[in-house]
Amino acid sequence: MTIADLVIENVNLYSEGGIIHSGVAVKDGKIVVIAADRYLPPARNVIDGKGQHLLPGGIDPHVHFRDPGKTERETFQTGTMAAAAGGVTTICEHPISMPPPYSPELLKRRIAVASQQSVVDFAFFGAAGADKLEEIPRISREEMIAFKTFFHKPPEGREEEFAGLTMANDAKIYEGFCAIAKTGKILAIHAENDDIIAEQIKKLRKAGKVTGIHHAESRPPISEVEAVAKVLCIAAETGTRVQLCHISTGAAAELVKKAKQRGQEVYLETCPHYLLANESALEKLGPFAKCNPPLRKQEIVDDLWRYVQDGTVDLIGSDHGPFLPSEKEIGYQDIFTAPAGFPGIDLRLPLLLNAMKSGKITLKRIIELICTNPAKTYGLYPQKGAIRIGADADFVMVDLERAFVVDRQKGYSRSADTARLYDGLLLYGLPTMTIVRGRVVMRNGIVAAEDAGWGQLVTVSK
Ligand SMILES: [Zn+2]
C-alpha cells in the first residue's frame, strides 16, 4: 500500500449527505480514501480528530478584499487568514477594488497578488459595467467564474472603486444583460432600486433623520423586491443566467421561487446577518451595523428563514466588507455618509452551527448552502464542495459542543475592529482545524502568516 501524505482518523465525517464515523486519507492534495480507521493506509502525518466533525471546507461565494487600491482595509493575506480561521477553504472575490477587474489585464493583476498572498484557494468574479461593455466578451474568456454588477451609480467619493462595475438605469441594465448573456456566464447582481433609495435619503436628510435606523427606512423592502422583479424579467427576456446577491426579504425570495418553478436559471444568495440580526442593531451600533440592503424588521427575518428551509435559497455568503473604523465612524453624524458593509468571513460557519443548535437549520442544509451549492453554481464541483474520492482535500474540523465568545480583537481581518455585530455573542460550534489541499492552515484558531502563497486560483472545472 502506498503511503499517504495525511490521514485524519477518528472523526464524524460528512459525506454524501450523511455522517459516518470514519477517516480520510490524502495524497498530493486530493482525497484518496474514505474508510473506517482500520482500513486507512499508513501516512506521513496522522491527525486524531478525537470524535469531532469533519466537514467539507467552506466556499464563501461573496467576499471583498480591496487589493489593489484600499489595502489598509484588507489584503488577500489578511482576508484569507480570516477565511481559514472560520473554516473557509475557497473564497470567491467580488470586484470592488481600485480599479475593479473589468478587463483581462486588471484581472490578471489581481490574480497575481492573490497568488502571492492567499492562505486559502480563491476564485474571481469579473466586473460588468455598462461603461465598459466592450470588455465583457474579452474578460469572459479569462480565468473568472462569474460577473458582478450594481444597479446604482458609484457612491459619492468611491467613483474609482466602482468603475466598470455598474448598470445605473434600465436601458443600461438591458444592454448589459444582453452582453453578459452572450458569454454564457452567471451575472451576480446587487439588486436594489436606486431611484427609490435616492429619493428616500433626500427626504430623510431634509427632515434631519440621519441616525442608524434611518438607513433601514431609506431602503424599504420594495427597493429590493422591485429590483429583483426587474432582474428576473430582463434575465428571462435576454437569456441571462443570474445570481441575486444578499437577498434580505422573503418577498424577494418568493419571486425567485416562482421563477425557479417556471424553469428560469437563477441562484439566490443571502447572508447570515439577514437571518440572525435585525434592524434594532442599527439603533445600537449605528454605522457598524450598516450594510446594503439594510438589516430588516424581525418579521421579515422570520419570513426569509422559510425560504432557507424550503430550499429556495441556494447560497449563504458572508458579503465580507472591510472598512476602516474611521470610515465607518463618520456615519455617527450622518448615517448616509458611512460605507455599507462589515467583515464576517470568519463567523459564517460558527453562526450557522449555532443556529443548528437551536433547531433553525440542519447540518445537511448548512453544507449545501456554504459548500456544495457554491461549488456547483460556479462549476467548481466536484473538485470543490464535498468530501469525495478525487476531490481536493479541503476540510474544516469542528467541535459542535464547544462554545466560544466572539471577540473581534482576535479577528485576522485588517478591519476586525469594525466587526461589531456579533461581538460578545456566545456561539456553539467551534472550527478547530482548517485544511486546504491537504495542508493544515488553521489549528486551534491560529493561522500562520507563512502559509500566505499556499492558496491557488480555482476556476471552472473543465
Ligand atoms: Zn458585496
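Among the residues of segment 1-39, those identified as in contact with an Asp or Glu (Cβ under 8 Å, 6 or more places away or on another chain) and either open to solvent by 20 Å² or more (accessible area, probe 1.4 Å) or not assigned by TED's automatic domain parsing to the domain that holds Asp394 (or both) are Asp5, Glu9, Asn10, Lys27, Asp28, Lys30, Asp37.
Quick check: is even one residue across segment 82-94 away from the ligand (no atom under 16 Å from the Cβ), assigned by TED's automatic domain parsing to the domain that holds Ile367, in contact (Cβ under 8 Å) with a residue 40 or more places away in the chain and open to solvent by 20 Å² or more (accessible area, probe 1.4 Å)?
Yes; the residues of segment 82-94 include at least one that is away from the ligand (no atom under 16 Å from the Cβ), assigned by TED's automatic domain parsing to the domain that holds Ile367, in contact (Cβ under 8 Å) with a residue 40 or more places away in the chain and open to solvent by 20 Å² or more (accessible area, probe 1.4 Å).
Which condition number does Val460 fail, the rest of (1) of a type outside the set (Lys, Arg); (2) open to solvent by less than 30 Å² (accessible area, probe 1.4 Å); (3) in contact (Cβ under 8 Å) with a residue 60 or more places away in the chain being met? Failed condition: (2). The set of residues from segment 204-220 being part of a loop (DSSP other than H, G, I, E, B) and over 18 Å from Tyr274 (Cβ atoms) comprises Ala207, Gly208, Lys209, Val210, Thr211.
Among what's in segment 266-280 and is in a helix (DSSP H, G or I) and within 15 Å of the ligand (Cβ to nearest atom), pick the residue that is nearest to Val231 (Cα to Cα). Explain how you work it out, then say what you get.
Residues of segment 266-280 that are in a helix (DSSP H, G or I), as a first pass: 272-276, 280.
Those still in the list that are within 15 Å of the ligand (Cβ to nearest atom) too: 272-274.
Working: Pro272: 23, His273: 23, Tyr274: 21 Å.
Top of the filtered list is Tyr274.
Considering the conditions (1) open to solvent by 50 Å² or more (accessible area, probe 1.4 Å); (2) assigned to a helix (DSSP H, G or I), Gly263 is excluded by exactly one of them, (2).
Considering the conditions (1) more than 16 Å from the ligand (Cβ to nearest atom); (2) open to solvent by less than 10 Å² (accessible area, probe 1.4 Å), Val63 is excluded by exactly one of them, (1). Taking segment 329-368 as the range and being basic (Lys, Arg) and open to solvent by less than 40 Å² (accessible area, probe 1.4 Å) as the test, the residues that pass are Arg348, Arg365. Consider only pairs whose beta carbons are under 6 Å apart and that are at least six residues apart or on different chains; among these, list those whose first residue lies in segment 329-340 and is touching a residue at least 40 places away in the same chain (Cβ under 8 Å) and whose second residue is of a type in the set (D, E, K, R). These pairs meet every condition: Ala338/Lys290; Ala338/Lys328; Pro339/Glu327; Ala340/Lys290. Restricting segment 290-309 to residues that are of a type outside the set (Lys, Arg) and either within 16 Å of the ligand (Cβ to nearest atom) or within 18 Å of Gln243 (Cα to Cα) (or both), the residue that is most open to solvent (accessible area, probe 1.4 Å) is Asn292. Within this structure, Phe323 passes the test of being within 16 Å of the ligand (Cβ to nearest atom) and among the aromatic types (Phe, Trp, Tyr).
Of all the residues in segment 1-35, those that are touching a Gly at 6+ places or on another chain (Cβ under 8 Å), closer than 28 Å to Tyr428 by Cβ and of a type in the set (Gly, Ala, Ser) number 1.
Out of Gly79, Gly58, Gly49, one residue alone is open to solvent by less than 30 Å² (accessible area, probe 1.4 Å) and within 16 Å of the ligand (Cβ to nearest atom). It is Gly79.
In the set Phe395, Phe404, which member is under 18 Å from the mean Cα position of the chain (by Cα), over 24 Å from Asn292 (Cα atoms) and hydrophobic (A, V, I, L, M, F, W, C)? Only one candidate passes the filter, namely Phe395. Against the numbered list (1) within 18 Å of Leu187 (Cα to Cα); (2) within 16 Å of the ligand (Cβ to nearest atom), Pro137 comes up short only at (2).
The single condition from (1) touching a Cys at 6+ places or on another chain (Cβ under 9 Å); (2) open to solvent by 40 Å² or more (accessible area, probe 1.4 Å) that His246 fails is (2).
Yes/no per residue for (1) in a helix (DSSP H, G or I); (2) within 16 Å of the ligand (Cβ to nearest atom); (3) more than 21 Å from Lys290 (Cα to Cα):
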{"site": "Lys182", "(1), (2), (3)": "yes, no, yes"}
{"site": "Ile189", "(1), (2), (3)": "no, yes, no"}
{"site": "Lys202", "(1), (2), (3)": "yes, no, no"}
{"site": "Ile222", "(1), (2), (3)": "yes, no, no"}
{"site": "Ala229", "(1), (2), (3)": "yes, no, yes"}
{"site": "Leu232", "(1), (2), (3)": "yes, no, yes"}
{"site": "His246", "(1), (2), (3)": "no, yes, no"}
{"site": "Lys258", "(1), (2), (3)": "yes, no, yes"}
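The values are calculated or read from the model by the stated rules, or taken from the named source; none is laboratory data. The model shown is predicted, which means the values in this text are computed figures rather than measured ones. FYI the Cβ positions are ideal-geometry reconstructions off the backbone, even for glycines, and counts take in every protein chain you see. Accessible surface areas use protein heavy atoms only, side chains included; no ligands, DNA or RNA. Shrake-Rupley method; radii C 1.70, N 1.55, O 1.52, S 1.80 Å.
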